[in-house]
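Nothing in this text is a laboratory measurement; each read-out follows from the coordinates by a stated rule. Given the structure is predicted, the values throughout are model-derived calculations rather than measurements. Virtual Cβ from ideal backbone geometry, glycine too; neighbours counted across all protein chains shown.
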Amino acid sequence: MEKQPSLKSGLKFGGKTVVITGSGTGIGQAIAKKFAEAGANIVIMGRRKEPLDQTADILKEIIASAGSSGNIAVFSGIDVADEVGVNSMFESLKKQFGRVDIIVNNAGVSGPVKTFTNADVKEFRDAVGIHLTGTFWTSARGLSAMEKGGRIITISTFFTEENRYEQRPYRFRTPYTAAQGAKNRLAEALAWELAERDICSISTNPGPVHSDRIYKTVYPKAAAEFLRVGGYPGLSSVEVERVTAGALPLLGEADDVVARGCRQVAVEITKAREQESEENVKSLSQTVAGALAKMQEIAEKIQNNTSKMIVDGEFLRQEDVAEMIMNLCDEKISKLINGRVIPNDRVFYPVKPTVGTAVDGPAQPDMKDKVVVITNSSSAKKDVERVKQVAKLAQGAGAKQTIVLTNNPRDMVEYNEFHSHVINMLDEESVRKIFDIARSKFGGIDSIIHFTGDYDYNAAFNSLSRKQWDALVDNFIYTPGLITKEAVNAMAPQGASREPTKYKDSKGTIVIVGPDSPVGKKISGMIRARADVFRGALRPYTATVNQELGDVLGSCIKLHLVLAGNSEGEEPDAARLCSSILNLAAGVALRRNESIFYVNETRK
């Protein structure tokens, strides 16, 4: 179907079709308005019908005012992670407009804004599903409707963009940082894969933006989590959560609405305490109102502190972000910066170096009386051999018990010389149960080492089926996330996830051994980019977890990430790798700030 040109000549994007995800409100709506002014056909989509319909009405007025022939297509009730819904949308768009010229991956949610130890697995999955899988699937399916000259623009966050030795942590946002880190690297990988088709892929990382999500969700929830962890007089941590759920959403409402909400929360708490009386409700209502006021105070402090790190003290306007996105879609500009992650934020955010190389430690660390659990989600021979070597090293170092856990029953024969079990590493109850058994049977767990294995770097991301993609996310994000969460809870006193003060001074080490660097004499940029996608998820995740463990919870538990291989494409030195893993598990780097180690990137 041939598209109609703009009625008014000179409209920059006249006749172009632009798909904007999460476009019913906020930044997505601002982007849609900007493209409507420039003459484009606008495709808006999201989960809620009402805001999309309101946005459509606004866009119609803009199109009429611009003198454009642009049309609007509305797809409500579609989550970007919804395989069937996204497939159907692009089939419809091909029939209606002939092709799609630009995709703006904007959809997002705040996700759980809480310490990872207390976050719900479903919340974790939902956040990763929308931010990362939604971006992947919208991009991959959108290619079926794209032709030469197409552009894919992905909006990420400055918190997950990396400097050489630094990784910015984003406390209370572990699934968010994992998803966004992978999303930046995915945008780079797609640029390499799509270059022959003359389709550009660019990621951009706006800094703080004036939006309801920040002011009404992220900052208040972060403030509530600070209060839950730090404590509030007259309320337990669980009761602070009740305030967060029942009263926090009322901030900004009329005083009488807030008062009724505080009273309702007070009623729920007095019932749970079995102290129901009007006098107790009245007294507790004041306590709840005080906690709510404290949350608001902390939220404003977070906002002010962030503003002080910006050169002019101002957050970006949504219109500013929209202008940036439209400029990135310019034909000349998009070709000049194709494959780049554009740091549009202006925040001076000082962070400590987190990346190291050598792990200094003895050839055989002292692990006397230690209990070591090794989990392996890979059946590849290389990973099985590494597990066996690390387990033997642990035994030789005096470990009281070395336990090997595998996903695959067929691998059990490989581990018959160790205490071993088969578990479903994606099932929260199964992981928790086996850690609890180890804890009760052997008197605690000191170290947990998890091997992720690798994936096929020769397989193009844009050609993966949804099943193949979901398997990658399961293995390289959900499984390490679940293992880490349950490991920390197993190392801390029983029930610690509900009482954050119990984590204080708890001890232990966790080591994630992530995907190797690609091996070979001549490694293309495309292969390197693909190899870094899920490494790019694990790096910011590791940095954020450690900030929460140390700075927020006051624990002595530390998470390390080991990435084998090197930039020269050499085979990893197996002995050096396994020795480094064991030294980290033994705690030799507990007092070092570095937590991400490229153990094979060392001078010979």
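A quarter of the convex hull surface defined by the alpha-carbon atoms of region 294-446 gives 16.9 nm² as the mean projection. Please report how far the C-alpha centroid of region 185-201 lies from that of region 280-358, rounded to the nearest whole angstrom. With region 185-201 and region 280-358 each reduced to a Cα centre, they are spaced 27 Å.
Charges were assigned to the Cβ only: +1 to each Lys and Arg, -1 to each Asp and Glu. The resulting dipole of region 68-140 about its Cα centre is roughly 140 debye. Amide H contacts under 5 Å for residue 71: 41, 42, restricted to partners 5 or more places along the chain or on a different chain, H placed in the peptide plane at 1.01 Å from N.
For residue 221, a cut-off of 13 angstrom between C-alpha atoms picks up these aspartates and glutamates, skipping any fewer than 8 places away in its own chain: 212, 241, 297, 300. For the chain, pairs of C-alpha atoms spaced more than 44 angstrom apart make up 24 percent of the total. Ordering of 549-562, 229-242 by packing is 549-562, 229-242, highest average first (other Cβ atoms within 10 Å, averaged per residue).
Among 26-38, 418-430, the peptide with the highest mean count of other Cβ atoms within 10 Å heads the list, and the full ranking is 26-38, 418-430. Dividing the summed -39500 (n - 2.57) terms of all DSSP H runs of n ≥ 4 by the residue count of the chain sets its mean residue ellipticity at 222 nm at -13500 deg cm²/dmol.
The convex hull built on the alpha-carbon positions of region 326-401 has an orientation-averaged projected area of 10.4 nm². Highest average first, the peptides 156-164, 276-284 ordered by how many other beta carbon atoms sit within 10 Å of their residues are 156-164, 276-284.
Among the trypsin sites (Lys or Arg not before Pro) within region 466-551, those in coil by DSSP and having at most 10 neighbouring Cβ atoms inside 10 Å are 521, 522.
Taken about its Cα centre, the chain carries a charge dipole of about 780 debye when Lys and Arg each add +1 at the Cβ and Asp and Glu each add -1 at the Cβ.
Under Stokes-Einstein, with the Kirkwood radius over Cα pairs as Rh, the value for region 472-551 at 25 °C and 0.890 mPa s is 168 µm²/s. With a cut-off of at most 14 other beta carbons within 10 Å, and DSSP calling the residue loop, which GluC sites (Glu not before Pro) in region 297-355 qualify? Please list them. Sites meeting the loop and neighbour criteria: 314. Using the Karplus relation 6.51 cos²θ - 1.76 cosθ + 1.60 with θ = phi - 60°, the per-residue 3J(HN,Hα) values for region 116-127 come to 4, 5, 10, 7, 6, 4, 5, 4, 4, 4, 5, 5 Hz, with x marking Gly and Pro.
Each of 230, 306, 217 was placed along the dipole of region 214-307 (beta-carbon charges, centred on the mean Cα), and the one lying farthest toward the positive end is 306.
Since only 76, 153, 52 are under comparison, the one whose Cα sits farthest along the positive direction of the charge dipole of region 51-164, derived from C-beta charges on Lys, Arg, Asp and Glu, is 153.
Working note: Cα gyration tensor of region 214-307, eigenvalues times five, square-rooted, sorted largest first, giving semi-axes of 24, 14, 9 Å. What separates the Cα centres of region 245-275 and region 531-548 is a distance of 37 Å. For region 311-390, trypsin sites (Lys or Arg not before Pro) are listed when DSSP marks them as loop and at most 14 other Cβ atoms sit within 10 Å of their Cβ; the list is 317, 368. With both labels modelled 7 Å from their Cα along Cα-to-Cβ, the residue 602 to residue 417 distance reads 2.5 nm. Hydrodynamic radius of region 356-452 by the Kirkwood approach over all distinct alpha-carbon pairs: 13.9 Å.
With an a/c value of 1.5 or above and a/b not larger than b/c for the gyration tensor axes a ≥ b ≥ c computed over the alpha-carbon atoms, region 445-604 is described as oblate. Pairwise Cα distances in region 400-440 exceed 15 Å in 40 percent of cases.
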